[in-house]
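Below is one structure, written out as structure tokens; the observations come after it.
The values are calculated or read from the model by the stated rules, or taken from the named source; none is laboratory data. The model shown is predicted, which means the values in this text are computed figures rather than measured ones. Quick reminder, even Gly has a Cβ in these numbers, built from the backbone with ideal geometry, and neighbours come from all protein chains shown.
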Amino acid sequence: MVFDKLKKVFSGSTDDEEVGNEYLEIDLDQPEKENKVLVKLFTLKQYEDVTDILNSLREGYTIAIVDIKILRQKDSIELKRAVSKIKKTADALEGSIAGFGENMIIVTPSFAKIHKAVKPPEEKKDRWD
């Protein structure tokens, strides 16, 4: 209905009775949703806890700090599966993932990168030394 009237206006038809006095109001004072970065802490107690982490990462504005200590002590195979799934999602979202100490993982979305210090290669010693 509105599009038909707009079409008539732009096609050059100036018949006031056909166009009418109807208009479309656009509310410009509508509050904008602010997209702030959220740093969220997670504890990985079991493999199923990965779902909450992945959902937060997919929102695109969450930096996840994950404590893996409990799952690491319980089941290292489940921990590897969970970390692998988080890594695949981070890669798909073009984000970064890094270990922080032995019990923490940090995962960021695409707009944030984790600086990973490059360790200088160790000098190889001769077997004669």
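Consider ALA98 carefully, then state whether it is in contact with a Lys or Arg (Cβ under 7 Å, 6 or more places away or on another chain), touching a residue at least 24 places away in the same chain (Cβ under 8 Å) and of a type outside the set (Val, Ile, Thr).
Details: in contact with a Lys or Arg (Cβ under 7 Å, 6 or more places away or on another chain): yes; touching a residue at least 24 places away in the same chain (Cβ under 8 Å): no; of a type outside the set (Val, Ile, Thr): yes.
Spelling it out, it is not the case that ALA98 is in contact with a Lys or Arg (Cβ under 7 Å, 6 or more places away or on another chain), touching a residue at least 24 places away in the same chain (Cβ under 8 Å) and of a type outside the set (Val, Ile, Thr).
This table checks each residue for (1) β-branched (Val, Ile, Thr); (2) in contact with a strand residue (DSSP E or B) (Cβ under 7 Å, 6 or more places away or on another chain).
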position: ARG81; (1), (2): no, no
position: SER84; (1), (2): no, no
position: LYS87; (1), (2): no, yes
position: GLY95; (1), (2): no, yes
position: GLY101; (1), (2): no, no
position: SER110; (1), (2): no, no
position: HIS115; (1), (2): no, no
position: VAL118; (1), (2): yes, no
position: GLU122; (1), (2): no, no
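Say we look at region 76-99 and pick out the residues that are over 18 Å from TYR61 (Cβ atoms) and outside any helix (DSSP H, G or I); which of these is farthest from the chain's Cα centre (by Cα)? Checked region 76-99; the qualifying residue farthest from the chain's Cα centre (by Cα) is GLY99. The number of residues in region 80-107 being surrounded by 14 or more Cβ atoms within 10 Å (Cβ to Cβ) and of a type in the set (Phe, Trp, Tyr) comes to 0.
Return a yes/no flag: does region 66-76 have any residue that is among the aliphatic types (A, V, I, L, M), over 30 Å from HIS115 (Cα atoms) and either in contact with a helix residue (DSSP H, G or I) (Cβ under 9 Å, 6 or more places away or on another chain) or modelled with pLDDT of 85 or more (or both).
So far as region 66-76 goes, no, none of its residues is among the aliphatic types (A, V, I, L, M), over 30 Å from HIS115 (Cα atoms) and either in contact with a helix residue (DSSP H, G or I) (Cβ under 9 Å, 6 or more places away or on another chain) or modelled with pLDDT of 85 or more (or both).
Could you go through region 70-79 and let me know if any residue there is of a type in the set (Ser, Thr, Tyr) and loosely packed, with under 14 Cβ neighbours inside 10 Å. Yes, region 70-79 contains a residue that is of a type in the set (Ser, Thr, Tyr) and loosely packed, with under 14 Cβ neighbours inside 10 Å.
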